[in-house]
Amino acid sequence: MVFSSLTFLFFFLPASIACYYAFPQRWVRNLILTFFSLLFYAWGEPIWVLLLIFSVVVDFFIGLFIEHFRERKAIARIGLVISLMFNLGLLISLKYFDFLVEITNALTGLTFEKPGILLPVGISFYTFQSISYIVDVYRGEVSAQKRLINYMLFVSCFHQLVAGPIVRYSHVAREIEQRVFNLQEFIDGSARFCKGLFKKVLIANIAGELAQQFLGRNLAEATLTGQWFGLLMYSLQIYFDFSGYSDMAIGLGWMFGFRYQENFRHPYIAQSITDFWRRWHISLGTLFRDYVYIPLGGNRQYQTRNIFIVWALTGLWHGASWNFVLWGLYFGTILWLEKLFILRWLGAVPAFAAHVYTLSLIVVGWAIFYFTDLYRLAQSFEVLFRIARVPVYDFEVVTAFSSNVLWLAFACVACTPVYTGLHARLEQHLRKGIYNMCLLGQSLAFLSISVILLVGKTYNPFIYFRF
């Protein structure tokens, strides 16, 4: 099930809200929310909910074990190692086994057959949440959760279960135990959810269809303008798809009393790649920083090694394919060069030039991300940089652009803080009641437009579900 489905909007969400708020007791609400979360996860893949429950139970008891032996570090470390082996073992066996078979065959000349294991939705997200919890308990930064149902809720909560943002236990521990209903938060959360839905349906889906139209061509049909236009459309799709989902997840959290941290801060206005990665998928970036980069030595020692390890892992986190490794190392190399000298150069050039530099590198990076087949990726670069002799002009691009010029202008403006700034000013200058009425009107408009566009549509993917 996805947030942008009619089933979720008109059946699952109303039912979960009604059942949740029908009971004032916090423990009952936790039980109800956990039940709906497991139902949400099992909707499309019932078998994998058993793996999720098993994983939660294992880490719950390991967390208690580590806390019990916290003063005896050697014993507590055994629990940490077992949890890491268990979680990473599951992730590797389910997500990366085919990739490891491919590498083994290439290195040895053998022909082992790939088992073709179906990837459980959201396994990277909930595995990393579990690992961060166990590490924090081991470090003494949080106390182990004493109630299994509460820990189950932390890991499985449907707001962020399958596509993030990655939530750390320390950020929601108090809310799991003590959250209360707040009408203003519910109104704000509803508005945030509808805004994310609108971004997903009106911008990401349309951009995705255009990207598929032009990037799906073979070399014989490709054109220079078609390839660049398709890549720009994919850049819009992946941003509005993922940030729209994050908006919906954060909005749902507010509606149920949780405050999840922001996951995007207008990344396409960045003026360096360093700045871009402080704004894009913030929950993943801070997780790799705090649990991999800093423990390896961070900026203090072996900085170059640490950067490339983190970015190779960042690439692999997104998928078991060589293009994701290349994508991670591509950005790792740029970030390393920026730390060496490029950031000083960017500080001396006009802001517009720094912005063009950043966007150009981002868009090229999305080409590496899009093509999982390295042969198709190489063909794409041949077209993009005119290594292959392909036509420049593409009449279909002109038609697609002219047909969508107003939509494209709206999408570009939506990448900036204009909307956020306008809302902040309205909230500052309008009385609360009037402001809430404006929010309600906006939410109804966004929801109505989204539902109209969803009816009869078959193209409604979420890119990050496969991670």
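The values are calculated or read from the model by the stated rules, or taken from the named source; none is laboratory data. In this text, all values refer to a predicted model and were calculated from it rather than measured experimentally. Cβ placement follows ideal geometry from the backbone for every residue including glycine, while neighbour counts extend to all protein chains displayed.
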TODO: Would you check if residue 205 is part of a loop (DSSP other than H, G, I, E, B) and either in the same structural domain as residue 261 (by TED's automatic domain parsing) or crowded, with 23+ Cβ neighbours inside 10 Å (or both)?
DONE: no
Open item on the list: What's the number of the only condition in (1) surrounded by 20 or more Cβ atoms within 10 Å (Cβ to Cβ); (2) closer than 21 Å to residue 127 by Cα that residue 262 fails to meet?
Closed with: (1)
Task: Every residue from the range 373-390 that is within 28 Å of residue 272 (Cβ to Cβ) and either buried (at least 17 other Cβ atoms within 10 Å of the Cβ) or not hydrophobic (A, V, I, L, M, F, W, C) (or both) - done: 377, 380, 383, 384, 386
Open item on the list: Contact list please: Cβ distance under 8 Å, first residue in the range 394-406 and farther than 15 Å from residue 206 by Cβ and touching a residue at least 40 places away in the same chain (Cβ under 8 Å), second residue buried (at least 16 other Cβ atoms within 10 Å of the Cβ) and of a type in the set (Ser, Thr, Tyr), pairs at least six apart or on different chains.
Closed with: 394/223; 394/225; 397/223; 397/225
Task: Residues that are more than 25 Å from residue 463 (Cα to Cα) and in contact with a Lys or Arg (Cβ under 8 Å, 6 or more places away or on another chain), drawn from the range 299-333 - done: 303, 307
TODO: May I ask you to say which residue of 236, 232 is assigned to a helix (DSSP H, G or I), at pLDDT 95 or above and either under 20 Å from residue 419 (Cβ atoms) or not hydrophobic (A, V, I, L, M, F, W, C) (or both)?
DONE: 236
TODO: Pick out the one residue from 393, 330, 370 that is modelled with pLDDT under 95 and under 27 Å from residue 279 (Cβ atoms).
DONE: 370
- [ ] Would you check if there is a residue in the range 173-185 being crowded, with 18+ Cβ neighbours inside 10 Å, among the aliphatic types (A, V, I, L, M), under 30 Å from residue 74 (Cβ atoms) and not assigned by TED's automatic domain parsing to the domain that holds residue 280?
- [x] no
Task: Single unsatisfied condition, residue 181 versus (1) in contact (Cβ under 8 Å) with a residue 60 or more places away in the chain; (2) not in a loop (DSSP other than H, G, I, E, B) - done: (2)
- [ ] Please work out which residue is modelled with the highest pLDDT, limiting yourself to the range 421-467 and to residues that are hydrophobic (A, V, I, L, M, F, W, C) and part of a loop (DSSP other than H, G, I, E, B).
- [x] 455
Open item on the list: I'd like the residue in the range 286-319 that is of a type in the set (A, V, I, L, M) and touching a residue at least 60 places away in the same chain (Cβ under 8 Å) and, out of all such residues, is farthest from residue 263 (Cα to Cα).
Closed with: 316
Open item on the list: Out of everything in the range 241-292 that is among the polar types (S, T, N, Q) and part of a helix (DSSP H, G or I), what residue ends up being nearest to residue 14 (Cα to Cα)?
Closed with: 246
Task: Residues (buried (at least 18 other Cβ atoms within 10 Å of the Cβ), at pLDDT 90 or above and of a type in the set (Gly, Ala, Ser)) located in the range 78-135 - done: 79, 83, 130, 132
Task: Close pairs from the range 218-229: first over 11 Å from residue 391 (Cα atoms), partner in a loop (DSSP other than H, G, I, E, B) and among the acidic types (Asp, Glu), Cβ under 8 Å, at least 6 apart - done: 229/394
Task: Every residue from the range 352-393 that is out of contact with any Ser or Thr (no Cβ under 9 Å at 6 or more places or on another chain), among the polar types (S, T, N, Q) and either in contact (Cβ under 8 Å) with a residue 60 or more places away in the chain or not in a helix (DSSP H, G or I) (or both) - done: 379, 380
Open item on the list: Show the residue pairs meeting these rules: Cβ distance below 7 Å; 6+ apart or different chains; first residue within the range 146-171 and closer than 19 Å to residue 280 by Cβ and assigned by TED's automatic domain parsing to the domain that holds residue 28; second residue modelled with pLDDT of 90 or more and β-branched (Val, Ile, Thr).
Closed with: 160/167
